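The values are calculated or read from the model by the stated rules, or taken from the named source; none is laboratory data. Values in this document were obtained by computation on a predicted structure and should not be read as measured data. Backbone-built Cβ (ideal geometry, glycine too); neighbour counts: all protein chains shown.
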């Protein structure tokens with residue numbers, strides 16, 4: 001396979017580079033931990049800048065398809081597959097527990113997000129995207145603070161009725177189906193902002209749950225971070241062994 005992209009195409013160079021990398025991932029010569037070409041060499045071969053190639057590479061790193069090894073290079077990821085089936089949205093989770101959700105605050109703004117968010121969506125630098133902040137809980141008190149960033153290609157305006165379940169809005173109004181969720185869970189102590197949002201003391205334990213949401217074609221939809229009061233959630237994962 002000849003490694004090249006079409007500089008006369010209307011398709012942006014970083015998108016072409018991303019598609020080329022996806023094809024390279026499936027090639028036998030890059031399996032079993034073998035290194036991809038060095039970034040500087042591949043960028044020169046393709047006639048693009050290193051920043052353009054890095055933007056495409058970052059997208060696949062966030063999807064878990066590529067792995068960067070410091071001081072070594074980039075390889076095709078060989079993850080241990082431990083998938084949980086039938087993941088649920090926050091609204092579905094709470095409904096299954098018989099908890100009626102209250103939205104304490106909903107704030108929407110168009111912002112230039114952190115670089116990891118731009119990389120996740122494959123956006124150019126300095127692009128503004130829709131950010132939603134929500135403090136949610138039950139009738140007694142708030143217990144989770146959400147930050148959500150949305151792929152600008154969805155077409156959200158910020159004027160939607162976000163009192164409705166988010167994934168209902170995406171599916172019913174924009175024909176976008178949330179299919180795949182990847183999550184990272186960590187623990188931390190509440191800083192002044194989180195303490196204020198969740199009505200707790202600075203330093204109290206918080207569960208941070210980062211969720212990357214994709215459609216059936218593995219296109220990124222939402223970059224979501226949830227900060228939960230530690231006494232408000234029990235996180236259960238049900239997995240199924242394959243024989």
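Which one of 35, 60 is surrounded by fewer than 14 Cβ atoms within 10 Å (Cβ to Cβ), over 27 Å from residue 227 (Cβ atoms), in contact with a strand residue (DSSP E or B) (Cβ under 8 Å, 6 or more places away or on another chain) and at pLDDT 80 or above? Before you say what the answer is, go through the steps one by one.
Working: 60 fails: surrounded by fewer than 14 Cβ atoms within 10 Å (Cβ to Cβ).
Going through 35, 60 in turn, the sole match is 35.
This table checks each residue for (1) crowded, with 16+ Cβ neighbours inside 10 Å; (2) at pLDDT below 90; (3) within 25 Å of residue 119 (Cα to Cα).
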{"position": "158", "(1), (2), (3)": "no, no, yes"}
{"position": "183", "(1), (2), (3)": "no, yes, yes"}
{"position": "194", "(1), (2), (3)": "yes, no, no"}
{"position": "213", "(1), (2), (3)": "yes, no, yes"}
{"position": "217", "(1), (2), (3)": "no, yes, yes"}
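Looking only at residues that are under 18 Å from residue 101 (Cβ atoms) and part of a strand (DSSP E or B) in the stretch 226-243, which one is modelled with the lowest pLDDT? Spell out how you get there, then give the answer.
Restricting attention to the stretch 226-243, the residues satisfying the condition of being under 18 Å from residue 101 (Cβ atoms) are 226-229, 231-235.
Retained after the next criterion (residues that are part of a strand (DSSP E or B)): 226-229.
Working: 226: 94, 227: 95, 228: 92, 229: 89.
My answer is 229.
Please determine, by comparing only the residues of the stretch 219-232 that are farther than 24 Å from residue 115 by Cβ and crowded, with 19+ Cβ neighbours inside 10 Å, which one is nearest to the chain's Cα centre (by Cα). If you could, list the steps in order and put the result at the bottom.
Pass one, the stretch 219-232, residues farther than 24 Å from residue 115 by Cβ: 228-232.
Now drop any that are not crowded, with 19+ Cβ neighbours inside 10 Å, which leaves 228-229.
Values: 228: 18, 229: 22 Å.
Ranking the candidates gives 228 first.
List the number of the failed condition for residue 105; all other conditions in (1) closer than 20 Å to residue 25 by Cβ; (2) exposed (fewer than 12 other Cβ atoms within 10 Å of the Cβ); (3) at pLDDT 80 or above hold.
Here residue 105 clears every test but (1).
What helices (runs of 4 or more DSSP H) completely inside the stretch 34-149 contain at least 1 residues that are outside the structural domain of residue 211 (by TED's automatic domain parsing) and over 23 Å from residue 232 (Cα atoms)? Show your work before the answer.
Details: elements: 39-46, 50-62, 90-96, 115-121.
Output list reads 39-46, 50-62.
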